[in-house]
Structure formats: structure tokens, C-alpha cells
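Enquirer: Pasting a structure here, questions to come.
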Amino acid sequence: MSLSIDIRHRLGAFTLDAAFETSGRLTALFGPSGSGKTTLVNLIGGLLRPDAGRIAAEGRVLVDTATSAFVPKHKRRIGYVFQDARLFPHLTVAQNLHYGRFFAPPSERHGDLDGVVDLLGIGHLLDRRPNALSGGEKQRVAMGRALLASPRLILMDEPLASLDDRRKAEIMPYIERLRDETKVPIVYVSHSVAEVARLATEMVVLDAGRVVASGPTAKILQRLDLLPEEEQGESGAILDMRVASRDPAFGMATLASALGEIQVAGLDAEVGSHVRLRIRARDVLVATERPRGLSALNILPGTVLAVGAGDGPFADVQIDCNGQTVTARITRQSSHLLGLAPGLAVFAVVKSVTFDRTNTARAATSRAATNTDGVG
């Protein structure tokens, strides 16, 4: 589904002036607090009317101030998942799910309760009320309610922000399933690099109400300068790799791509499956000679593409490893001592233990050809 945005809107002293287009299955709106992410999703959802501009989804104009067009929120067929699940406390899970069905005309409904329940793994919760659910369970029910409204688009406004790390890890795979196994595109608000790297196929970076970059997630996250300083080391390369083999004796898996082979510890994925791997810039060491007698198992030969060094203590080194770019964040002193410059042959070194659950995930795949109406 294509989404086209070109709007301007003022809220007090804050002005949102945003223009971009995306056709991603899960498009992340990324930026610090106050950058305009929630204002933008409220404009898409019809909760706000822009001062000027146009919003269109799949060619359907939702707002166009030039022609005074404005589709009311209840007619936009957009599902909304908030930070807090906002379930009806007096209804059971099953009743909350059925409530979503009322928002689509019978002739335009798709999906069924059984298919959505199976997709989100909430069958054992149907008779419970929201006060008997964990935070992660509530969000899965909220996702189901949004999906059963037969939406053309789902907006998710920082749905993991109120959850602890354990609950975030619990719900992430279900958001991946929603992304990969339904026909419904998602716009996902986040200020977390880890969430965006794992979930998003495309991303839009906002800062002070302006779009500073948009495009494929793997490409944007190589631009460390686009991220808050405290998050820059969290970014780096995002690679889609295949599980080539497993070594049960040591709990290791070998991933393969054009980059070469990567050894990962503790990965629960079958041989032949595809994995999205994030190599954080802060986890990459740079060597000008192949290291020996080293505990790190991943030693990737490459060539320096660029060395970005400002006035601060860090240098961001982009390394071409057989056509795929790996970024290392090192000190400017180390870069100077190694004599790093474009064209220099080097080795990118990564410890296997850096690939924990936040850095390995199910790869974004094309929607299954066997999709049924049960999941959209």
C-alpha cells in the first residue's frame, strides 16, 4: 500500500511540515520526543485536521485542503493501537475483539476471529477481562481488535513504550507476524533504534517537525548522523541472512549472505530460515591485519569506504564487505593510529555474543501466497 504525505500543521509553538511517500509493509516514524511523530499519526488517522496539505493512501485521498476534502476518522478504515491498549474493562477479550467488527460495513469485512486469534496467540485469553492480562497480552488483544476492524492501514503509536524488556520481547514476534502474514500495512511510531531495526521495512526520520530522511531501513540506519548522539552506536548494518548450518554441541548457528558467514550464539532458528541481523556500529572492531589468537569468531575482510570524523572523540568507519556495508564506531585516536582512509584493506571483527535477541529477528518476508481471509 502506498502512503503519500505532504502536510503542514501548527500546534501552539510547534509546527509540523512533513512530506514523504512510502510503500513499506511496516514504515517506522522515528525521532526524539517532540519531533512530531504522534501529531503525524493523528493527522493520518483523522484525529486532527491539517492546516494545509494532502494525505492519500493507496490513491484514496483522505485529506486535501486545496479541495476541502476530509474523510472523517470513522470512514478511513484505519486501525489504531495506542501506547496503552485502551481495552474496555467491562468486556471479555472475545467481546473486545468483536467490537472491532462494527467499524467495517459487512460487505467490506475481511478476516475472521479464529484466524486473528491464531495469528496473535490469544486463544487462551478469550474469556478473561483486561485486568487479568499482562501488558503484552493487552497489546496483542488491541492489535487483534484493530485487525478485526478490517482496516486498510494500521497505526501503532509506540505500542511497546509502556512495557518492560521481557514484555517487549514477548510481543515483538507477533508484530513481525502482523507485518509478514497480513495484507495490512503498518505505520509504527518509535524512538527506539532497536525496535525500528528489527521491525521496519522503511523508515521516516523526524526532527523538530521536519522529515530529515526517508527510505529503506537498512539504508537509513547506516546514517549514524541522523540519530540522537546516545543512539548512534546502536545503529549500523542491517542484513538479511540465511541460516546455513547449526552446531548443537556449542549452541551456535552459521548465517550466510553475500557478506560472508557470521557465527551467532543461541539463535533459535531452523536451517534454511531467513534472519534479520543487526551489526551495531559499537560492536565492530577494525584491524589492518587479520587477527590471530582471538576469541571473536567473526572476522570479515573488507575495504574502507569512508571515515567520518567530526570534532568529537568518535570516528564512523564504513567498510565494504563484498558489496555489503558494515559500519564501525571507533575513537578518532584509533582511526589515526591505524591510518584509516578510503581504499585501505581492513578486517571488521565482531564477537558472536553481541548478537542477542535485540539484534537477531525474523527477516521481513513477502506476504505468504497462501494467505487466507482469516488473517486479512
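The values are calculated or read from the model by the stated rules, or taken from the named source; none is laboratory data. This one's a predicted model, so the numbers in the text were calculated from it and none came from an experiment. Glycine also receives a Cβ, built like all others from the backbone with ideal geometry; neighbour counts cover every protein chain displayed.
Enquirer: Within region 152-166, does at least one residue satisfy the condition of being in contact with a His (Cβ under 8 Å, 6 or more places away or on another chain) and buried (at least 19 other Cβ atoms within 10 Å of the Cβ)? Don't jump to the end; show me each part of the working.
Expert: Initially, region 152-166 is screened for residues in contact with a His (Cβ under 8 Å, 6 or more places away or on another chain), giving 158.
Keeping just the survivors that are buried (at least 19 other Cβ atoms within 10 Å of the Cβ) gives 158.
Yes, region 152-166 contains a residue that is in contact with a His (Cβ under 8 Å, 6 or more places away or on another chain) and buried (at least 19 other Cβ atoms within 10 Å of the Cβ).
Enquirer: Consider residue 85 against the criteria (1) among the aliphatic types (A, V, I, L, M); (2) under 23 Å from residue 135 (Cα atoms); (3) in contact with a Pro (Cβ under 6 Å, 6 or more places away or on another chain): it satisfies all of them except one. Which criterion is unmet?
Expert: Tallying (1) among the aliphatic types (A, V, I, L, M); (2) under 23 Å from residue 135 (Cα atoms); (3) in contact with a Pro (Cβ under 6 Å, 6 or more places away or on another chain), residue 85 fails exactly one: (3).
Enquirer: Would you mention how many residues in region 242-261 are aliphatic (A, V, I, L, M), surrounded by 16 or more Cβ atoms within 10 Å (Cβ to Cβ) and either free of Cβ contacts under 8 Å to residues at least 60 places away in the same chain or closer than 16 Å to residue 358 by Cβ (or both)? Lay out the reasoning, then the answer.
Expert: Step one: filter region 242-261 for residues aliphatic (A, V, I, L, M), giving 243-244, 249, 252-253, 255-256, 258-259.
After this cut, where a residue has to be surrounded by 16 or more Cβ atoms within 10 Å (Cβ to Cβ) as well, the list is 243, 252-253, 255, 259.
After this cut, where a residue has to be either free of Cβ contacts under 8 Å to residues at least 60 places away in the same chain or closer than 16 Å to residue 358 by Cβ (or both) as well, the list is 243, 253, 255.
Of the residues in that region, 3 qualify.
Enquirer: Checking the condition over 23 Å from residue 219 (Cβ atoms) and of a type in the set (A, V, I, L, M), which residue from 286, 304, 275, 243 passes?
Expert: Values: 286 fails: over 23 Å from residue 219 (Cβ atoms); 304 fails: over 23 Å from residue 219 (Cβ atoms); 275 fails: over 23 Å from residue 219 (Cβ atoms).
Only one candidate passes the filter, namely 243.
Enquirer: I need the full set of residues from region 24-40 which are under 13 Å from residue 3 (Cβ atoms) and either touching a Lys or Arg at 6+ places or on another chain (Cβ under 7 Å) or surrounded by fewer than 22 Cβ atoms within 10 Å (Cβ to Cβ) (or both), in order please. Break it down into steps so the answer makes sense when it comes.
Expert: The first filter runs over region 24-40 and keeps only residues under 13 Å from residue 3 (Cβ atoms), leaving 24-29, 40.
Result: 25, 26, 29.
Enquirer: Every residue in region 87-104 that is farther than 11 Å from residue 145 by Cβ and among the small types (Gly, Ala, Ser), please. So that I can check it myself, show each step before the final result.
Expert: From region 87-104, those farther than 11 Å from residue 145 by Cβ are 89-90, 92, 104; that's our starting set.
Selection gives 104 alone.
Enquirer: Same structure, new question: Tell me, which residue of region 168-188 that is in contact with a strand residue (DSSP E or B) (Cβ under 9 Å, 6 or more places away or on another chain) and of a type in the set (Ser, Thr, Tyr) is modelled with the highest pLDDT?
Expert: Filtering region 168-188 down to residues in contact with a strand residue (DSSP E or B) (Cβ under 9 Å, 6 or more places away or on another chain) leaves 172-173, 175-180, 182, 184-188.
This time we only want the ones that are of a type in the set (Ser, Thr, Tyr), so: 182, 188.
Numbers: 182: 86, 188: 96.
Only one residue fits best here, namely 188.
Listed here are the residues, each with its yes/no results for (1) of a type in the set (Phe, Trp, Tyr); (2) out of contact with any helix residue (DSSP H, G or I) (no Cβ under 6 Å at 6 or more places or on another chain); (3) outside the structural domain of residue 315 (by TED's automatic domain parsing); (4) modelled with pLDDT under 90.
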position: 216; (1), (2), (3), (4): no, yes, yes, no
position: 232; (1), (2), (3), (4): no, no, yes, yes
position: 247; (1), (2), (3), (4): no, yes, no, no
position: 251; (1), (2), (3), (4): no, yes, no, no
position: 254; (1), (2), (3), (4): no, yes, no, no
position: 257; (1), (2), (3), (4): no, yes, no, no
position: 262; (1), (2), (3), (4): no, yes, no, no
position: 266; (1), (2), (3), (4): no, yes, no, yes
position: 269; (1), (2), (3), (4): no, yes, no, yes
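Enquirer: Please verify whether residue 268 is closer than 24 Å to residue 194 by Cβ and without any contact (Cβ under 8 Å) to a residue 12 or more places away in the chain, treating the condition exactly as stated.
Expert: Numbers: closer than 24 Å to residue 194 by Cβ: yes; without any contact (Cβ under 8 Å) to a residue 12 or more places away in the chain: yes.
It is true that residue 268 is closer than 24 Å to residue 194 by Cβ and without any contact (Cβ under 8 Å) to a residue 12 or more places away in the chain.
Enquirer: Those residues that are in a strand (DSSP E or B) and within 29 Å of residue 181 (Cα to Cα), I need them from region 1-49; list them, please.
Expert: Residues of region 1-49 that are in a strand (DSSP E or B), as a first pass: 3-11, 14-22, 26-30.
Hits for region 1-49 are 3, 4, 5, 19, 20, 21, 22, 26, 27, 28, 29, 30.
Enquirer: Can you tell me which of 66, 104 is more than 26 Å from the chain's Cα centre (by Cα) and at pLDDT 90 or above? Give the steps one after another, and end with the answer.
Expert: Details: 104 fails: at pLDDT 90 or above.
So the residue among 66, 104 that is more than 26 Å from the chain's Cα centre (by Cα) and at pLDDT 90 or above is 66.
Enquirer: Could you figure out which of (1) surrounded by 14 or more Cβ atoms within 10 Å (Cβ to Cβ); (2) in contact (Cβ under 8 Å) with a residue 40 or more places away in the chain isn't true of residue 61?
Expert: (2)
Enquirer: Please state which one of 86, 128 is under 21 Å from residue 163 (Cβ atoms), of a type in the set (Lys, Arg), touching a residue at least 40 places away in the same chain (Cβ under 8 Å) and assigned to a loop (DSSP other than H, G, I, E, B). Outline the logic, then answer.
Expert: On the way: 128 fails: touching a residue at least 40 places away in the same chain (Cβ under 8 Å).
Sole residue among the options that is under 21 Å from residue 163 (Cβ atoms), of a type in the set (Lys, Arg), touching a residue at least 40 places away in the same chain (Cβ under 8 Å) and assigned to a loop (DSSP other than H, G, I, E, B): 86.
Enquirer: Give me a count of the residues in region 177-189 that are under 18 Å from residue 218 (Cβ atoms) and surrounded by 23 or more Cβ atoms within 10 Å (Cβ to Cβ).
Expert: Step one: list which residues in region 177-189 are under 18 Å from residue 218 (Cβ atoms), which gives 179-180, 186, 188.
Checking the rest, the ones that are also surrounded by 23 or more Cβ atoms within 10 Å (Cβ to Cβ) come to 179, 186, 188.
So the answer is 3.
Enquirer: Checking the structure you have, find out if any residue of region 339-352 is basic (Lys, Arg) and part of a loop (DSSP other than H, G, I, E, B). Full working, then the answer.
Expert: Pass one, region 339-352, residues basic (Lys, Arg): 351.
Adding the requirement that they be part of a loop (DSSP other than H, G, I, E, B) leaves 351.
Yes, region 339-352 contains at least one residue that is basic (Lys, Arg) and part of a loop (DSSP other than H, G, I, E, B).
Enquirer: Among the numbered conditions (1) hydrophobic (A, V, I, L, M, F, W, C); (2) in contact (Cβ under 8 Å) with a residue 40 or more places away in the chain; (3) touching a Gly at 6+ places or on another chain (Cβ under 7 Å), tell me where residue 237 comes up short.
Expert: All conditions are met except number (3).
Enquirer: If I ask for residues that are assigned to a loop (DSSP other than H, G, I, E, B), at pLDDT 90 or above and buried (at least 17 other Cβ atoms within 10 Å of the Cβ), which ones from region 69-83 would you list? Talk me through it step by step, then tell me what you get.
Expert: Filtering region 69-83 down to residues assigned to a loop (DSSP other than H, G, I, E, B) leaves 71-72, 76-77, 82-83.
Remaining after also requiring at pLDDT 90 or above: 71-72.
Result: 71, single match.
Enquirer: When region 89-115 is examined, which residues are found to be part of a loop (DSSP other than H, G, I, E, B) and either surrounded by fewer than 19 Cβ atoms within 10 Å (Cβ to Cβ) or of a type in the set (Val, Ile, Thr) (or both)? Steps first, please.
Expert: So in region 89-115, the residues part of a loop (DSSP other than H, G, I, E, B) come out as 89-92, 104-105, 109-112.
Those that are part of a loop (DSSP other than H, G, I, E, B) and either surrounded by fewer than 19 Cβ atoms within 10 Å (Cβ to Cβ) or of a type in the set (Val, Ile, Thr) (or both): 89, 90, 91, 92, 104, 105, 109, 110, 112.
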